[in-house]
Amino acid sequence: MARATINHKPRSVPKAPTRCGWATTELGIKYHDEEWGVPVHDDRLLFEFLILEGAQAGLSWETVLKKRDNYRQAFDNFDPELVAKYGKRKINSLLSNEGIIRNRLKIDASVGNAKSFLATQQEFGGFHKYLWTFVKGEPIVNQWDSPQIPTRTAESDTLSKDLSKRGFKFVGSTICYAFMQAVGMVNDHSLECFRRAQLVRTQRKK
């Protein structure tokens with residue numbers, strides 16, 4: 001009896017989604033796909049990003065991401081009320097903690113920034129209420145191609161100046177713009193990135 005001929009068609013391999021050019025490592029891809037550019041209105045998380053962006057100054061974001069869990073443990077999960085009370089003994093323990101970036105200026109700034117954060121929070125009834133006024137309450141959806149994404153804008157300049165007046169440190173315009181990108185105040189996913197359209201659709205549903 002003749003055997004039926006079975007044609008085995010090669011299985012198609014799913015095409016990997018197109019991402020922003022900087023998302024190349026496992027850690028970076030996870031952060032890009034799950035967090036970067038997602039609007040944040042939770043004050044604790046906003047404080048976390050504010051401190052981490054300041055810690056990044058002069059370093060790569062990948063370095064900060066690798067130390068993020070250590071930072072959460074060292075800084076009491078970024079509770080601004082607890083961080084604001086850090087004294088000399090706690091600061092010295094942070095300076096000896098190899099799991100974080102041991103820079104005295106940045107660590108001192110974290111404590112001072114926690115105090116300024118709480119004052120701003122109290123004034124506006126929430127830090128997020130203050131912060132989002134700089135983009136009129138809605139994310140700015142940019143249309144950059146990867147090489148065109150700026151490191152600062154008029155909005156980040158304004159935010160930087162106001163934060164500085166309120167006593168915040170390590171809040172230069174470039175740091176502020178990276179912060180704005182991280183917490184979704186601006187959608188800077190490149191035109192070809194799959195997350196750009198997803199975030200726009202999510203925002204339209206609200």
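The values are calculated or read from the model by the stated rules, or taken from the named source; none is laboratory data. None of these values were measured; they are calculated from a predicted model. Quick reminder, even Gly has a Cβ in these numbers, built from the backbone with ideal geometry, and neighbours come from all protein chains shown.
Looking at the stretch 131-139, is at least one residue in a helix (DSSP H, G or I), of a type in the set (K, R) and modelled with pLDDT of 95 or more?
Scanning the stretch 131-139 turns up no residue that is in a helix (DSSP H, G or I), of a type in the set (K, R) and modelled with pLDDT of 95 or more.
Report, by residue number, each residue of the stretch 150-206 that is aliphatic (A, V, I, L, M) and closer than 15 Å to Q56 by Cα.
Listed by number, the residues that qualify are V171, I175, A178, M180, A182.
Suppose the filter is more than 26 Å from L59 (Cβ to Cβ) and either not aliphatic (A, V, I, L, M) or not in a helix (DSSP H, G or I) (or both); does K106 pass it?
For K106, the condition - more than 26 Å from L59 (Cβ to Cβ) and either not aliphatic (A, V, I, L, M) or not in a helix (DSSP H, G or I) (or both) - is not met.
Given the criteria touching a residue at least 24 places away in the same chain (Cβ under 8 Å), part of a helix (DSSP H, G or I), surrounded by fewer than 19 Cβ atoms within 10 Å (Cβ to Cβ) and among the charged types (D, E, K, R), does K115 qualify?
Taking the combined requirement at face value, the residue satisfies it.
Of the residues that sit in the stretch 15-33 and are among the aliphatic types (A, V, I, L, M) and out of contact with any Leu (no Cβ under 7 Å at 6 or more places or on another chain), which one is surrounded by the most Cβ atoms within 10 Å (Cβ to Cβ)?
A23
Can you tell me how many residues in the stretch 34-67 are within 20 Å of K169 (Cα to Cα) and exposed (fewer than 15 other Cβ atoms within 10 Å of the Cβ)?
So the answer is 4.
For the stretch 144-205, which helices (runs of 4 or more DSSP H) that fit wholly inside it have 2 or more residues that are in contact with a helix residue (DSSP H, G or I) (Cβ under 8 Å, 6 or more places away or on another chain)?
154-165, 173-182
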